[in-house]
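The block underneath contains the structure these notes are about, expressed in structure tokens.
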Protein chains: 2
Amino acid sequence: MSQAPKPKLLAALAGETFERPPVWFMRQAGRSLPEYRELRTRAKDFIAFCFNPEMAAEATLQPMRRFPLDAAIVFADILLIPQALGQDVWFEAGEGPRLGELPDLAVMRDKIESSTAHLANIGETLSRVRAVLEPERALIGFAGAPWTVATYMIEGRGSDRSGARTYAYQNPEKLDALLDILVESTARYLVMQAKSGAQVLKLFESWAEGLAEDVFQRIVINPHKAIIERVRAAGVDAPFIGFPRGAGALVANYAAQVPVQAVALDTQAPIALGTSIQAGGKAIQGALDNLLLRAGGPALDARIDTLIEAWAGGPYIFNLGHGVLPDTPIENLDRAIRRITGR
Amino acid sequence: MSQAPKPKLLAALAGETFERPPVWFMRQAGRSLPEYRELRTRAKDFIAFCFNPEMAAEATLQPMRRFPLDAAIVFADILLIPQALGQDVWFEAGEGPRLGELPDLAVMRDKIESSTAHLANIGETLSRVRAVLEPERALIGFAGAPWTVATYMIEGRGSDRSGARTYAYQNPEKLDALLDILVESTARYLVMQAKSGAQVLKLFESWAEGLAEDVFQRIVINPHKAIIERVRAAGVDAPFIGFPRGAGALVANYAAQVPVQAVALDTQAPIALGTSIQAGGKAIQGALDNLLLRAGGPALDARIDTLIEAWAGGPYIFNLGHGVLPDTPIENLDRAIRRITGR
């Protein structure tokens, strides 16, 4: 009997190396694709779109039909968790997320238990995608990391995070309690995603930048460790990718302490940082500049070659350092993915 | 005959260590001081204020009267250089800088020679300050680094720099030519500042963040090296402080290659990064979170103690990781400086 091929992404996460690394792109699904923009018009708002398993599964699969990508990532949003904890969340067209008043900690704590059920449709999206995705292509589930989600919950919108960072100094106990609530709800959410078909779990710490080392330890490293511990305690052994975006030299602290299987690197990660993480026994992911992907041309080809040459000697997953920009030309995506995969 | 005491800041830049490090704060002069806000009302606009030696010298000296700081930094702005090269620069109240159309490269190249004379009043400010500043307190001159200044020149205002970074990919020859012009004019400007009384020269690369390693080499490291070479060739031996703010792990590349006497670290620099730079033979400066200075309290005291304990074993200049925020309470500045100096 022939065995189903192991997805290349999972092999890389288990430490295998490839001359041509597995590849997927953050925000590969979404506004850069015309078929997504068409699909999106059918939902009344972005949150409703995320909670509709049929539409979200379709959005997840759209880039998989166009490109020979090694992984799909469930179409969802990091702000579904605050909503599940009782905070109002909506999206202003062309402006981004807006959140209502931060609920009392006690109110949110009482909703941890029910938050996973509130997010059941995301599990349904994963099941639908897994049912039709080819076995050699992996399916990734994800959540926003507690600090990043907390910045939105505290500031009520995207920001430079100085309000949330000030909150961290002025209300340390309250922030720690909020992070604890997010650790608990996020761990349960990720367990549910794994049980629904996610083979890899990614934690997006999109706003790790600008934090002093002691603060980074307290609000990034410790909560990530706590989430992974809880997910493992629930019997889920799916590999984790951690993405401490903007953490700079603190990425080394993160890689040394957080038991992820891969560290996703952002655009400014030096080559040597990546190889040192590989030498420490973890895979790496990244780190093409999304602005270069959008700009295209020979400089794009050259940078792709540089990254593969530098990092494919160890376990490596090709990706961007940040998400695909909405106005990225499709031909640049196509050109990059062909160069990476050789197909 | 008694010798004038060597300023503690210069001693640290020459490699000396102190149980209590020398201290100054970025933006120690300016809007956090009521006497500055009063003084500022006397000039018609911010550019005129910077070009008025009497007012600029007074602004430079104001924090020196209030606090036992080890250094004054000339009150000026990084956007005086584009103005000297023929680009319109003005400040919208409450919004920040605005710049007119980028002049032709040939036009700007022709103005390199005259740009230093255009900036002569900044030299006059330095002379006035040096004439009255106590000999044990150092005087710092500065300029914006070429890439940071170029981001404003290209985008016409403060921004997320994605326009300038895209320009770097799409117009590499034009960007390199612009950086060359800025290297030449900035080197001359710094030589003039040294000859006018600046004992230390600082290069502010305020927007080093988010750059891929190869781009960082080309647009940050190489221009910094070129400026310092030119300043040395002009016979100026004043020590340099380089501040690649936001460069993350690339700070190590910077420290290894740029012949500055000190590397200024931003808020997120890990302790180990600082000690490794010291071990490599350079002084370090930084890196208290300006949000923590504004927040105040016991957490501020504790972090000050941590930084001094961690870094004062090597050559170290106490400072922030970014500038003093305008709404920082004076009592927090006072509390911090007293704790650092023990006075």
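The values are calculated or read from the model by the stated rules, or taken from the named source; none is laboratory data. Keep in mind it's a predicted model, so treat the numbers as computed, not measured. Quick reminder, even Gly has a Cβ in these numbers, built from the backbone with ideal geometry, and neighbours come from all protein chains shown.
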Determine whether the range A:5-22 contains at least one residue that is at pLDDT below 95 and over 22 Å from A:Asn332 (Cβ atoms).
yes
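Of the residues A:Arg343, A:Arg339, A:Arg294, A:Arg335, which single one is within 9 Å of chain B (Cβ to nearest Cβ) and out of contact with any Cys (no Cβ under 8 Å at 6 or more places or on another chain)?
On the way: A:Arg343 fails: within 9 Å of chain B (Cβ to nearest Cβ); A:Arg339 fails: within 9 Å of chain B (Cβ to nearest Cβ); A:Arg335 fails: within 9 Å of chain B (Cβ to nearest Cβ).
Only one candidate passes the filter, namely A:Arg294.
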Qualifying residue in the range B:95-105 (condition: under 20 Å from the mean Cα position of the chain (by Cα), at pLDDT 95 or above, under 27 Å from B:Val191 (Cβ atoms) and among the charged types (D, E, K, R))
no
Of all residues being touching a residue at least 60 places away in the same chain (Cβ under 8 Å) and more than 18 Å from the chain's Cα centre (by Cα) in the range B:143-183, which is farthest from the other protein chains (Cβ to nearest Cβ)? Just the residue, please.
B:Ile181
Considering residues that are under 18 Å from A:Ala212 (Cβ atoms) and within 22 Å of the chain's Cα centre (by Cα), the number found within the range B:290-331 is 21
Members of the range B:312-325 that are touching a helix residue (DSSP H, G or I) at 6+ places or on another chain (Cβ under 9 Å) and either under 22 Å from B:Arg37 (Cα atoms) or more than 12 Å from every other protein chain (Cβ to nearest Cβ) (or both)
B:Gly313, B:Gly314, B:Pro315, B:Tyr316, B:Ile317, B:Phe318, B:Leu320, B:His322, B:Gly323, B:Val324, B:Leu325
Specify the residue that is nearest to A:Pro53 (Cα to Cα); the eligible residues are those in the range A:127-138 that are in contact with a helix residue (DSSP H, G or I) (Cβ under 6 Å, 6 or more places away or on another chain) and part of a helix (DSSP H, G or I).
A:Arg128
Going through the range A:139-182 one residue at a time, which ones are on the phi < 0 side of the Ramachandran plot and assigned to a loop (DSSP other than H, G, I, E, B)?
A:Ala145, A:Gly158, A:Ser159, A:Asp160, A:Asn171
Please count how many residues of the range B:313-338 are closer than 18 Å to B:Leu9 by Cα and surrounded by fewer than 17 Cβ atoms within 10 Å (Cβ to Cβ).
2
Matching entry among A:Asn253, A:Asn222 (being surrounded by fewer than 22 Cβ atoms within 10 Å (Cβ to Cβ), at pLDDT 95 or above, touching a Pro at 6+ places or on another chain (Cβ under 8 Å) and farther than 30 Å from A:Glu136 by Cβ)
A:Asn253
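Per-residue answers, yes or no, for (1) part of a helix (DSSP H, G or I); (2) in contact with a His (Cβ under 9 Å, 6 or more places away or on another chain); (3) within 11 Å of chain A (Cβ to nearest Cβ); (4) touching a residue at least 12 places away in the same chain (Cβ under 8 Å):
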residue	(1), (2), (3), (4)
B:Ile227	yes, no, no, yes
B:Val231	yes, no, no, yes
B:Asp237	no, no, no, no
B:Gly246	no, no, yes, yes
B:Leu250	yes, no, yes, yes
B:Asn253	yes, no, yes, yes
B:Val260	no, yes, no, yes
B:Val263	no, no, no, yes
B:Asp266	no, yes, yes, yes
Just one of the numbered conditions (1) among the aliphatic types (A, V, I, L, M); (2) buried (at least 17 other Cβ atoms within 10 Å of the Cβ); (3) over 24 Å from A:Lys225 (Cβ atoms) is not true of A:Ala264; which one?
(3)
Looking at the range B:109-123, can you tell me whether even one residue there is in contact with a Pro (Cβ under 6 Å, 6 or more places away or on another chain) and within 20 Å of B:Phe46 (Cα to Cα)?
yes
May I ask you to list the residues in the range B:268-289 that are over 16 Å from the mean Cα position of the chain (by Cα), away from chain A (no Cβ under 11 Å) and of a type in the set (S, T, N, Q)?
B:Thr275, B:Gln278
Condition check for B:Ile219: within 14 Å of another protein chain (Cβ to nearest Cβ), β-branched (Val, Ile, Thr) and touching a residue at least 60 places away in the same chain (Cβ under 8 Å):
yes
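Which of the following residues is surrounded by 19 or more Cβ atoms within 10 Å (Cβ to Cβ) and either away from chain A (no Cβ under 12 Å) or over 29 Å from A:Ala208 (Cβ atoms) (or both): B:Leu211, B:Leu201?
Selected residue: B:Leu201, the only one of B:Leu211, B:Leu201 that is surrounded by 19 or more Cβ atoms within 10 Å (Cβ to Cβ) and either away from chain A (no Cβ under 12 Å) or over 29 Å from A:Ala208 (Cβ atoms) (or both).
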Filter the range B:34-63 for residues that are closer than 25 Å to B:Thr341 by Cα and buried (at least 22 other Cβ atoms within 10 Å of the Cβ); which is nearest to the chain's Cα centre (by Cα)?
B:Thr60
